[in-house]
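A short worksheet on the structure shown next.
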Amino acid sequence: MDDKVLSSVIMKNQDILSDLNEGQKSACEVIEGPLLILAGAGSGKTRTITYRIAYLISKGVSPENILAVTFTNKAAEEMKERIFDMVGSNARRITMGTFHSICSRILRNHADLLGYTGNFVIYDEKDAVNAIKRITKNLDLPVETFPPKKIRRIISKYKREFVEPGMVSMNSHNPNNMKIALVYEKYVKFLLASNAMDFDDLIGNTVKLLKKYPEIKGYYNERFKYILVDEYQDTNKMQFELIKLLGEKYKNICVVGDDDQSIYSFRGAEIENILSFDRVFPGTKTIKLEKNYRSTKTILEAASNVIKNNIGRKGKSLYTDWKEGDKIEIIDGYSSMEEANFVMQRVKSLIEKGVKAGEIAILYRINALSRIFEVMAQKYQIPYVIVGGTRFFERAEVKDILAFLKILVNEKDNISLMRVINTPPRGIGKKSLELLEYESAVKGISLLECMSGLESLDLPSRAKEAFGKFYEMYNKIKKKSEGKGVKETIEIVLNETAYIDKMYNTTNPEDMSKIENIEELINSAEEFDSLTEEPTVEEYLNQISLFTDIDGWKEKNDRINMMTVHSAKGLEFDTVFIVGAVEGLFPHINSIDSETKIEEERRLFYVAMTRAKERLYISYSHTRDFRGTVAPSIISRFAGEIPSELLIEKKRIVRDTFKEINMENSGNKLAIHPVFGKIRILKTVGEGDEQRAYIALANGEKKWVLVKYAKFKYLEE
């Protein structure tokens, strides 16, 4: 950077820092040494990181010496754009991206040292599960005892904790665990033979590389003198180890996060990483960002009262200068259907009053809850979008085309080849394919390499002919696509394979939808070709393999958003509905017996609450359909932690069948309920299977339950 440009940047950044609050300004001005920024919800975390990077550059730090790690590609792109506005083209020289994308870049340059080549492919979860499925099948392991998805999760956990296959077998005397260790060993070998890595490998192999080759570690220590890590509370053991290795020499490691928003333990995230940061890195300076710029005082106070019940936290005192805001409304329905109905009535009313649909979010703990709210949205003709459903690049027809691109880049990728070798059907039977796989295993070569020498293989003539035609088609595509862009390569694949030809001749809505998705894939490739300096199929595959559902989410003003709370992390909306807020759903039933898990569930509820800017609704129902039966339910303990003065006082709207005039006095009997504990039965109505009781809980709450399922035990008074 020349002196004139540098001077301009310094002047500009001095003006910018004057606009920051004291906490944000302090976080920008600490340049040397480890720094922990505890950033409360809505406290301007992204803004602070952005200005800190610009400030570093203004102080003479070379952009090449800055590494910024984000948790989504979308966040990285947005941050880059902001920095570009502040420091100009220097922003392009910063290394910024997700853990996986940064590690992928490092490994492309050094993969040969680990036995791979630089054009390795990245297996997503489905690819990894398919590979494990083939291994368990070859080992004759029953799928009931060894389900591939479960084994994949176990192997992923081993990898995140740096447990090698041999270590598993050495420390286990359980026959089933020994077999899982064998699958793990064969899976590792399969990936290497296929020149493929899964998501865990991207980080794990980078750690191995840095530990095994001091000269490479030394290079990156000098390259990345200043490291910033966003969402640090969600890092796992591997990611922690990676950052520690990269920043070992200069220790200019700045981590930003919120211990109250650590919600990804199921992915291996360890909240201890942020809680113990100042102990692991002596001399750490801690700065708290406590001013909230997002939510009303009411929402912020409510959320703070919920999260303060957690013990495992650093503690912050969030405040805001914004308005008091509306009180929080609790919506309750007798059934889950009625709950969804009431929620959508509120949504429709808000939209009619001028609230943009795109500023409304329905948040649920589990994906299964989306169905009933979709039904009600359709009933009220409310347009909606599901965020985090089937990801675009995981749709079957899209994965088929991408699989063909993968084998063009990497001929050793047997999983991708198996996906497309008979798609669309080419007369290649299951038996023929098994014979080819056997020959491939015996000779220790890939399936494509086997097809290049068909005459020497012990295969039936019909099988040889079918494989020969596929191999001929593959070579034709490979030759035609040489030097072509990604869009043109996809079009060549579609033409030569006749993948969608038959779809055009039907009126099947599914086929039309598939065509639309493939056309969108072509649009994606065209966009990549136009925006990338040197577009290649290899780089395109590398980018989309690291694509997340949130990266593809684009806010639309004409549709409400439905998503899990996990998917909503990092987003914000004017109006938020937290639905299904009952014990067993939120907190989830799998967490109820563990205080540690309950604390994470509470953090998840806190994240949901703090997505709201102006209005917050919490809904639940008094009964739930559970495995074909209707069972009573109780409102989430987290909703009960909100002070009553922050809630709208209202009487539940009771349907005509439950009007007081139709009720009989039950004698005010005391009873024990299997879910609610000691209760008092105030009134009953109806008879037989339809009889319902109006009960009072120990905490004073009153609700209706269906007597058939309640299973009361009366007590003597």
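The values are calculated or read from the model by the stated rules, or taken from the named source; none is laboratory data. What you see is a predicted model, and the numbers here were worked out from it, not measured in a lab. With ideal geometry, Cβ positions are generated from the backbone for all residues, glycine too; neighbour counts draw on all protein chains shown. The area values use the complete protein model at the heavy-atom level, side chains included, leaving out ligands, DNA and RNA. Shrake-Rupley method; radii C 1.70, N 1.55, O 1.52, S 1.80 Å.
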Screening S440, S461, S481, S452 for residues that are of a type in the set (S, T, N, Q) and in contact (Cβ under 8 Å) with a residue 60 or more places away in the chain leaves only S481
Flagged pairs (Cβ under 6 angstrom, 6 or more apart or on separate chains; first in region 73-85, farther than 20 Å from N542 by Cα; second at pLDDT 80 or above) are M79/T50; R82/T50; I83/T50; I83/I53; I83/A54
Counting only helices (runs of 4 or more DSSP H) wholly inside region 258-315, the ones holding at least 2 residues that are touching a helix residue (DSSP H, G or I) at 6+ places or on another chain (Cβ under 7 Å), open to solvent by less than 60 Å² (accessible area, probe 1.4 Å) and at negative phi are 272-275, 297-307
So N517, is it at pLDDT below 85 and of a type outside the set (A, V, I, L, M):
yes
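Rundown of residues vs (1) touching a residue at least 24 places away in the same chain (Cβ under 8 Å); (2) closer than 28 Å to T145 by Cα, yes/no style:
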| position | (1), (2) |
| --- | --- |
| E164 | no, yes |
| V168 | no, yes |
| Y187 | yes, yes |
| A193 | yes, yes |
| D200 | yes, yes |
| L210 | yes, no |
| P214 | no, no |
| Y219 | no, no |
| E222 | yes, no |
Filter region 29-47 for residues that are crowded, with 24+ Cβ neighbours inside 10 Å and not aliphatic (A, V, I, L, M); the one that is nearest to M609 (Cα to Cα) is G40
Selection from region 326-379 of residues assigned to a helix (DSSP H, G or I) and polar (S, T, N, Q) yields S336, N341, Q345, S349, N367, S370, Q378
In region 451-481, anything farther than 14 Å from F404 by Cα, open to solvent by less than 20 Å² (accessible area, probe 1.4 Å) and modelled with pLDDT of 85 or more is listed as M451, A466, F467
Checked K502, K484 against criteria (modelled with pLDDT of 85 or more, charged (D, E, K, R) and over 28 Å from the mean Cα position of the chain (by Cα)); the one match is K484
S18: passes all of (1) surrounded by fewer than 18 Cβ atoms within 10 Å (Cβ to Cβ); (2) over 30 Å from V207 (Cβ atoms); (3) of a type in the set (S, T, Y); (4) at pLDDT 90 or above but (4)
Filtering region 611-623 down to residues that are farther than 15 Å from F586 by Cβ and open to solvent by less than 10 Å² (accessible area, probe 1.4 Å) yields A612, H622, T623
Of the residues in region 624-646 that are touching a Ser or Thr at 6+ places or on another chain (Cβ under 8 Å) and modelled with pLDDT under 85, the one that is most open to solvent (accessible area, probe 1.4 Å) is D625
Exactly one of E465, E439, E449, E411 is among the acidic types (D, E), touching a helix residue (DSSP H, G or I) at 6+ places or on another chain (Cβ under 6 Å), farther than 30 Å from N341 by Cα and not in a loop (DSSP other than H, G, I, E, B), and that one is E439
Counted residues in region 245-257 being under 14 Å from D278 (Cβ atoms) and open to solvent by 10 Å² or more (accessible area, probe 1.4 Å) come to 1
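Just give me the residues in region 82-136 being assigned to a loop (DSSP other than H, G, I, E, B), touching a strand residue (DSSP E or B) at 6+ places or on another chain (Cβ under 6 Å) and under 20 Å from E411 (Cβ atoms), in sequence order.
Hit for region 82-136 is F120, nothing else.
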Of (1) open to solvent by 30 Å² or more (accessible area, probe 1.4 Å); (2) more than 32 Å from the chain's Cα centre (by Cα); (3) hydroxyl-bearing (S, T, Y), S440 satisfies every one except (1)
When restricted to G257, G333, the only residue in contact (Cβ under 8 Å) with a residue 40 or more places away in the chain, in contact with an Asp or Glu (Cβ under 6 Å, 6 or more places away or on another chain) and under 30 Å from Q378 (Cα atoms) is G333
When region 168-216 is checked residue by residue, the ones that are of a type outside the set (A, V, I, L, M, F, W, C), more than 27 Å from the chain's Cα centre (by Cα) and part of a helix (DSSP H, G or I) are S169, P175, N176, N177, K179, E185, K186, K189, K211, K212, P214, E215
Within region 481-503, residues being of a type outside the set (K, R), part of a loop (DSSP other than H, G, I, E, B) and on the phi < 0 side of the Ramachandran plot number 5
Notebook entry, point to check: Taking the stated definitions as given, is L459 in a helix (DSSP H, G or I) and in contact with a helix residue (DSSP H, G or I) (Cβ under 9 Å, 6 or more places away or on another chain)?
Noted result: no
